[in-house]
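Note sheet for the following structure.
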Amino acid sequence: MQQPSEELLSLLRSDPPTVVLTGAGISSESGLATFRGPGGHWEGRDPMSLATPQAFDAEPTTVWRFYDWRRTQAAAAGPNPAHRAIVDLESKLSSLTLVTQNVDGLHERAGTKNVVRLHGSLWTLRCTACGTEQKDLRPRLDPLPPECGCGGMLRPGVVWFGESLPRDAMQEAQNAARLCRLMLVVGTSSLVYPAASIPQFAKSAGAFLVEVNPERTPLTPLVDEYYDGPAGEILPGFVSGLA
Ligand code: BJW
Ligand code: ZN
C-alpha cells in the first residue's frame, strides 16, 4: 500500500492547520454504498433521482422508504479505520476541521469533534410546514411519511439537488479552507458543487492538497499528491508515520 511521502510527513509534523474533506467513499469500507458506485441503487432506482425535492413532492412515501433504508444501513454500520485515523489526526494536530458531505453520522460516532456537515444529517427531520428540526435516531420510522406535532409532513434533514447548503456550514468550510496549510480530500468524486469548490479555495490560498481515492476524479490533476487506494488503508499510514 502507498506510504505517505516524506514531504507529507514533514508537513504533518509541522502541525499545519488542516482540513479534511470527505465524501461517501470514506464510508464504503463500513459497508455503505456510495452514490455513483456499485450497490448504490435502491429498488432499481438511482439515488440521484430520489435525492431531489421534486421526487419528494411527487412520491414522499417512496423517498421516505429510501431514507428509512439508508438510516437502517447507517445504524447497522460502524466507523472504519479511515474514520478512526481522522480522530487520531485531530488529537495530534492543533487545528483540524472535518468538512463532510456525508449524512451517515459515522465521523461523529468515531469521535471526531470538529465536524462541519455540508449536506445535513440522516438523523435530523425537518417539518415542511413549520420548519422545526428534530433529532431522531430510530432507524425505522412508522408511519411514513412521519408527521410533525403541527400536523405538517416531516422530511429528511438533508440537502437535495437544487437546494442551498446551510449557510453557516458553507461559510465555516470556506474559512477553514482559506486558512489551512494542508487539505486531505478523501472519498469524494468531486462532482457535486459547491462542496467540490472547497479544495480550490485551499489551493488558491497556497495549501498543500492531498487526494485519497481508488479512482481518479476531476480534482486529481490539481492536487499535490494523489494516493490511489482505499481510505481505510491509506489514512492510518498518515497517522502512524507521525508517531
Ligand atoms: C473511495 C473508496 C474508499 C470508493 N476510499 N475513496 C456548479 C456547477 C455545476 C452544477 C452546480 C454548480 N453549483 C450547483 C450545481 C448544481 C448541483 C450540482 O453540483 N450538480 C452536479 C452533479 C453537476 N448542486 C446542488 O444542487 C447543490 N445546491 C446548490 O448549489 O444550491 C444552489 C444552486 C442550485 C442550483 C443551481 C445553482 C446553484 C446541492 C447539492 C446537494 C447534494 N446532495 C446529495 C444528497 C444528500 C442527501 C443524501 O445523502 O441522500 O449529497 S447528492 C450526493 O452527492 C450526496 C453526496 O454528499 C454528494 C457527493 O457525492 P460523493 O460523496 O462525492 O459520493 P460519490 O458516490 O459521487 O463518490 C464516491 C467516491 O468515493 C468515488 O470517487 C469513489 O472512487 C470513492 N471511493 N471507495 C476512498 N474505500
Ligand atoms: Zn411542523
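Can you tell me how many residues within region 100-112 are under 18 Å from Thr124 (Cα atoms) and either in contact with a helix residue (DSSP H, G or I) (Cβ under 7 Å, 6 or more places away or on another chain) or assigned to a strand (DSSP E or B) (or both)? Qualifying residue count for the region: 7. One residue stands out in region 123-175 among those that are acidic (Asp, Glu), out of contact with any strand residue (DSSP E or B) (no Cβ under 7 Å at 6 or more places or on another chain) and over 18 Å from Thr52 (Cα atoms): the one that is nearest to ligand 2 (Cβ to nearest atom), namely Asp142. Residues in region 42-56 include at least one that is closer than 30 Å to Thr128 by Cβ, of a type in the set (S, T, N, Q) and part of a helix (DSSP H, G or I).
Residue pairs whose Cβ atoms lie under 9 Å apart, sitting 6 or more positions apart in sequence or on different chains, and linking a residue in region 228-243 that is more than 19 Å from Ser10 (Cβ to Cβ) and modelled with pLDDT under 95 to a partner that is assigned to a helix (DSSP H, G or I) and open to solvent by less than 10 Å² (accessible area, probe 1.4 Å), do not occur here.
The number of residues in region 101-127 that are among the hydroxyl-bearing types (Ser, Thr, Tyr) and either away from ligand 1 (no atom under 16 Å from the Cβ) or open to solvent by less than 20 Å² (accessible area, probe 1.4 Å) (or both) comes to 2. Remark: Pro218 falls outside the filter, which requires a residue to be closer than 21 Å to Gly105 by Cα and of a type outside the set (A, V, I, L, M). Taking the conditions (1) part of a loop (DSSP other than H, G, I, E, B); (2) modelled with pLDDT under 95 in turn, Leu32 satisfies each one other than (2).
Rundown of residues vs (1) surrounded by 21 or more Cβ atoms within 10 Å (Cβ to Cβ); (2) within 24 Å of Leu8 (Cβ to Cβ); (3) outside the structural domain of Gly237 (by TED's automatic domain parsing); (4) more than 9 Å from ligand 1 (Cβ to nearest atom), yes/no style:
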position: Gly149; (1), (2), (3), (4): no, no, yes, yes
position: Met183; (1), (2), (3), (4): yes, yes, no, yes
position: Ser189; (1), (2), (3), (4): no, yes, no, no
position: Val192; (1), (2), (3), (4): no, no, no, no
position: Ile198; (1), (2), (3), (4): yes, yes, no, yes
position: Pro214; (1), (2), (3), (4): no, yes, no, no
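Among Gly157, Gly162, Gly206, which is touching a Lys or Arg at 6+ places or on another chain (Cβ under 8 Å), exposed (fewer than 15 other Cβ atoms within 10 Å of the Cβ) and not acidic (Asp, Glu)?
Gly206 is the lone residue from the list that is touching a Lys or Arg at 6+ places or on another chain (Cβ under 8 Å), exposed (fewer than 15 other Cβ atoms within 10 Å of the Cβ) and not acidic (Asp, Glu).
Residue check: Leu50 meets all listed conditions (1) assigned by TED's automatic domain parsing to the domain that holds Leu144; (2) touching a residue at least 60 places away in the same chain (Cβ under 8 Å); (3) crowded, with 17+ Cβ neighbours inside 10 Å but one, namely (2).
Of the residues making up region 39-46, at least one is open to solvent by 40 Å² or more (accessible area, probe 1.4 Å), small (Gly, Ala, Ser) and free of Cβ contacts under 8 Å to residues at least 40 places away in the same chain.
The values are calculated or read from the model by the stated rules, or taken from the named source; none is laboratory data. Just so you know, these numbers come straight off a predicted model, no measurement behind them. Note: ideal-geometry Cβ built from the backbone for every residue, glycine included; neighbour counts use all protein chains shown. Surface areas here come from the heavy atoms of the whole protein model, side chains and all, with no ligands, DNA or RNA. Shrake-Rupley method; radii C 1.70, N 1.55, O 1.52, S 1.80 Å.
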